[in-house]
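The values are calculated or read from the model by the stated rules, or taken from the named source; none is laboratory data. Bear in mind that the values here come from a model prediction, so they are computed numbers and not experimental data. Virtual Cβ from ideal backbone geometry, glycine too; neighbours counted across all protein chains shown.
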Amino acid sequence: MDLAHSPADDAFRAEARAWLRAHVPPGPLPSLETAEGFAAHRAWEAELAADGWSAVSWPTRYGGRDCGLMRWLVFEEEYYAAGAPGRVNQNGVSLLAPTLLDHGTEEQRARVLPAMATGEVVWAQAWSEPEAGSDLAALRARAVRVDGGWRLSGSKTWSSRAAFADRAFGLFRTDPDTEKPHQGLSYVMFDLRAPGVTVRPIGRLDGKPAFAELFLDEVFVPDEDMIGEPGRGWRIAMSTAANERGLTLRSPGRFLAAADRLHALWLERGSPPAGAARVADALIGARAYQLFTYAAASRFLAGERLGPESSLNKVFWSEYDIALHETALDLLGEEGEAADTGWAEGYVFSLAGPIYAGTNEIQRDIVAEQLLGLPRGRRR
Amino acid sequence: MRFLLDTEQRAFAQSLDAMLGAAGTPAVVRDWSRGEQARGRALWSRIAEAGVFALAVPEAYEGVGPRPVELAVAFVELGRHAVPGPLVETVAAAALLLDPGPAERFLPALASGAEMVTLAREGSYAVDGDAATLRLALTPDGLRLAPGHGPVHASLDPARRLTRLLPGGELLTPDPPAERALLWARLATAAQALGVGLALLERTVAYVGQRVQFGVPVGSFQAVKHRLADAKIALEFARPLVLGAAVTMSPADVAAAKVSACEAAYTTARAALQLHGAIGYTAEYDLSLWLTKARALRTAWGSADACRTEVLRGHG
Ligand SMILES: Cc1cc2nc3c(=O)[nH]c(=O)nc-3n(C[C@H](O)[C@H](O)[C@H](O)COP(=O)(O)OP(=O)(O)OC[C@H]3O[C@@H](n4cnc5c(N)ncnc54)[C@H](O)[C@@H]3O)c2cc1C
């Protein structure tokens, strides 16, 4: 039982801190859900990548530092403590990259990862469909075999950042006649500017086009853009969904920094007693999440497989994030309504947490059935 | 960094679990609540033999401590089995008896289980003052050996027998490390509460898996599942706070652990009672032994508010 980092990890932390101090933009970038903000964030990714900081855990040959899970956590703590911008390529880095590292070909990794690291290609996730939300296996968009590849048709929706992104990855039905809905699905990458693709941006609560609907009409995808074997898409996708909910989507660094900022806001406001308990709970929650993650990472590094427990993370961080932002807005009082405080944007973003990456209702089912062993309900 | 219990620590927890399971603690608790202490004292000796109290006592005084991580691990098990008695108070007393004189005089017997210690702060009850062999009082002029105790008051946890200590008695030290004792008391309480919560969850999961209504186990209803999933989440995020606090022993970390473990245990208690239905509301059913303790531990050694204040004070 040890919470001290190794001297080498401490040196890594110091190096990251020094780099971030020298490079993090002095003020916040414009919202990444706007064209201008997207471009600014893309440029920031390039700056990170130039010195090898955009995907520290990847192998060096793809632009990473091969630095392992613990150092990634350390990096993230420094990253958010430094007030560095949100990551426009989050979907790519936390979902597609691990998928390719586990299931992709060497050719795919070499082609996709370096351009992702620099922000030259920003990725969107095209899983959900109008009729397939929580019941993702109900998806209907098709991929039909043609010479040298596949043709995609159908529609996808709620695709984060697709309004400005370059490419997307998603699940398509390659075999419509399977016994079970999870079978006959395939995992493919496609170009959002290919002929036959229409992107319709959708405004989220505050009107910003944070996601989009995609209409696909006979969009050609070459064979080399199929990930893994055709028909095996569900299994591949589920192995990354655990990533999304688990260790990599929301690192503790983000909440530690947010709790610090909340605490500073409370002090700035004269430490109102009415807010004290909620601010304390935010500090406690961030610490709990950090230590929970350290424990999970320690088990992972000791060779244990982390499975359904990622659902614990998902529910915890998503509810935590909302409570933290609600506290900040309440502390700000009437000022909190003004959308140009960073807190308002954070609040709007936090509200979606219990919905995406698998709704919290579904995550609670997983906790109850797979971790507590309660009887399965009526859900396939 | 390896934030993981080692094999020895896990084996320690397992052996305590096995020992306490075999001891049939529910019957011991019921005796204890009636003021019949024989079985409770026998269990106390076994816990001491397993080395639990020695973890709080330095080697110089026949202990093996201080070892807060192992102590936290042990108290989780004591909580899981609803062990009665002034467990936390005895550990806090060990942290208090730092002066060589009193330390030499009391700690070896405390480590061996020969002394069962209760401890009262100014104005607070001394838990199990009628059973304790050593009653310590923190008074404005220092740490005193109380000459006795007043009448026993019922607690809403029948296993906690509340007493006031009589004033006066020998002054052991004028300047005891009260903050240090509070730290150990809070850590032990947090760990014990976590154990209480884990037991409540375990028992409730088992119950809803076999209780049939409308032709299916009630545990297959989503409203039931989700309440238990929330309890699981609360407990699983309290656990690393308890262990992390034991590693750092910083007042803010220990206070955070206390709030979160006690709140998680209490949330779980509310769910456990609700999901058991009427049977859960009876004293005769064993669930009550944990339900009432979850409530009592929540305010023992610092309310949620007091602990949150400590968290804010400690944040740089
Ligand atoms: C901001 C945001 C970004 C997103 N980004 C992406 C993206 O980049 N790519 C992508 O593919 N998708 C994305 N999504 C979509 C997201 O994955 C879906 O919204 C999610 O899977 C839920 O599907 P749904 O919205 O259709 O809700 P539904 O599935 O229709 O659910 C509606 C309600 O019913 C509940 N419900 C459904 N089934 C059950 C059940 N069995 N038990 C109990 N309750 C149930 C749900 O929990 C929910 O509360 C995003 C969503 C949001 C809000």
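Here are some notes:
- Every condition in (1) under 26 Å from A:Leu3 (Cβ atoms); (2) touching a residue at least 60 places away in the same chain (Cβ under 8 Å) holds for B:Met1 except the one numbered (2).
- The residues of region B:260-287 that are of a type in the set (Ser, Thr, Tyr), under 21 Å from the mean Cα position of the chain (by Cα) and surrounded by fewer than 23 Cβ atoms within 10 Å (Cβ to Cβ), listed by number, are B:Tyr266, B:Thr267.
- Test: residue in region A:119-132 that is farther than 26 Å from A:Glu33 by Cα and within 16 Å of the ligand (Cβ to nearest atom): no
- Residue match in region B:141-150 (condition: touching a residue at least 24 places away in the same chain (Cβ under 8 Å) and either in contact with a helix residue (DSSP H, G or I) (Cβ under 7 Å, 6 or more places away or on another chain) or under 20 Å from B:Glu59 (Cα atoms) (or both)): yes
Results for (1) within 14 Å of chain B (Cβ to nearest Cβ); (2) within 24 Å of the chain's Cα centre (by Cα); (3) among the acidic types (Asp, Glu), shown as yes or no for each residue.
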site: A:Ser271; (1), (2), (3): yes, no, no
site: A:Arg278; (1), (2), (3): yes, no, no
site: A:Arg287; (1), (2), (3): yes, yes, no
site: A:Leu291; (1), (2), (3): yes, yes, no
site: A:Leu306; (1), (2), (3): yes, yes, no
site: A:Ser310; (1), (2), (3): yes, yes, no
site: A:Val315; (1), (2), (3): yes, yes, no
site: A:Ile322; (1), (2), (3): no, yes, no
site: A:Leu329; (1), (2), (3): no, no, no
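- Of the criteria (1) touching an Asp or Glu at 6+ places or on another chain (Cβ under 8 Å); (2) closer than 23 Å to A:Ser239 by Cβ, which one A:Leu101 fails: (1)
- Helices (runs of 4 or more DSSP H) completely within region A:277-380 that count 3 or more residues being away from the ligand (no atom under 16 Å from the Cβ) and surrounded by fewer than 22 Cβ atoms within 10 Å (Cβ to Cβ): A:310-332
- Whichever residue in region A:118-173 is charged (D, E, K, R) and in a loop (DSSP other than H, G, I, E, B) and, among such residues, is surrounded by the most Cβ atoms within 10 Å (Cβ to Cβ): A:Arg161
- Within region A:144-176, the set of residues being of a type in the set (A, V, I, L, M) and away from the ligand (no atom under 16 Å from the Cβ) comprises A:Val144, A:Val146.
- Scanning region A:316-343 for residues that are small (Gly, Ala, Ser) and either under 20 Å from B:Ile233 (Cβ atoms) or free of Cβ contacts under 8 Å to residues at least 60 places away in the same chain (or both) yields A:Ser318, A:Ala323, A:Gly333, A:Gly336, A:Ala338.
- Total residues in region A:266-276 satisfying the condition of being on the phi < 0 side of the Ramachandran plot and either of a type in the set (Ser, Thr, Tyr) or assigned to a loop (DSSP other than H, G, I, E, B) (or both): the figure is 2.
- Pairs where the first residue, in region B:62-85, is hydrophobic (A, V, I, L, M, F, W, C) and the second is modelled with pLDDT under 95, C-beta under 9 Å, 6+ apart: B:Val69/A:Met1; B:Leu71/B:Gly65
- Checked against (1) within 12 Å of the ligand (Cβ to nearest atom); (2) in contact (Cβ under 8 Å) with a residue 40 or more places away in the chain; (3) hydrophobic (A, V, I, L, M, F, W, C), A:Leu185 passes all but a single condition, namely (1).
- Summed over region B:291-316, residues that are farther than 23 Å from B:Gly195 by Cα and away from chain A (no Cβ under 13 Å) total 0.
- Among the residues of region B:11-21, just one is touching a residue at least 60 places away in the same chain (Cβ under 8 Å) and farther than 11 Å from B:Ala74 by Cβ, namely B:Gly21.
- When B:Val254 is tested against (1) surrounded by fewer than 24 Cβ atoms within 10 Å (Cβ to Cβ); (2) closer than 16 Å to B:Val73 by Cα; (3) more than 9 Å from chain A (Cβ to nearest Cβ), only condition (1) is not met.
- Here B:Leu297 meets the list (1) of a type outside the set (Gly, Ala, Ser); (2) buried (at least 17 other Cβ atoms within 10 Å of the Cβ); (3) more than 21 Å from B:Leu78 (Cα to Cα) almost entirely, failing just condition (3).
- Among the criteria (1) within 23 Å of A:Arg235 (Cβ to Cβ); (2) surrounded by fewer than 18 Cβ atoms within 10 Å (Cβ to Cβ); (3) within 23 Å of the chain's Cα centre (by Cα); (4) within 15 Å of the ligand (Cβ to nearest atom), the one A:Arg109 does not fulfil is (4).
- Region A:27-72, residues that are crowded, with 22+ Cβ neighbours inside 10 Å, part of a helix (DSSP H, G or I) and of a type in the set (A, V, I, L, M): A:Leu48
- Only a single criterion out of (1) out of contact with any strand residue (DSSP E or B) (no Cβ under 7 Å at 6 or more places or on another chain); (2) at pLDDT 95 or above is not satisfied by A:Val121, namely (1).
- Residue in region B:164-186 that is within 14 Å of chain A (Cβ to nearest Cβ), away from the ligand (no atom under 16 Å from the Cβ), of a type outside the set (Asp, Glu) and touching a helix residue (DSSP H, G or I) at 6+ places or on another chain (Cβ under 9 Å) present: yes
- Pairs linking a residue in region A:356-370 that is more than 7 Å from chain B (Cβ to nearest Cβ) to a residue that is more than 7 Å from the ligand (Cβ to nearest atom) and among the polar types (S, T, N, Q), with Cβ atoms under 7 Å and 6 or more positions apart or on different chains, are A:Asn360/A:Ser318; A:Gln363/A:Ser311; A:Ile366/A:Ser311.
- Among the residues here, A:Ser271 does not qualify as away from the ligand (no atom under 16 Å from the Cβ), touching a strand residue (DSSP E or B) at 6+ places or on another chain (Cβ under 6 Å), among the hydroxyl-bearing types (Ser, Thr, Tyr) and under 24 Å from B:Lys258 (Cα atoms).
- Residue in region B:126-141 that is under 22 Å from B:Thr292 (Cβ atoms) and among the acidic types (Asp, Glu) present: yes
- Every pair of residues 6+ apart whose Cβ atoms lie under 6 Å, when the first sits in region A:132-143 and is within 14 Å of another protein chain (Cβ to nearest Cβ) while the second is of a type in the set (A, V, I, L, M) and within 11 Å of the ligand (Cβ to nearest atom): A:Ser134/A:Ile362
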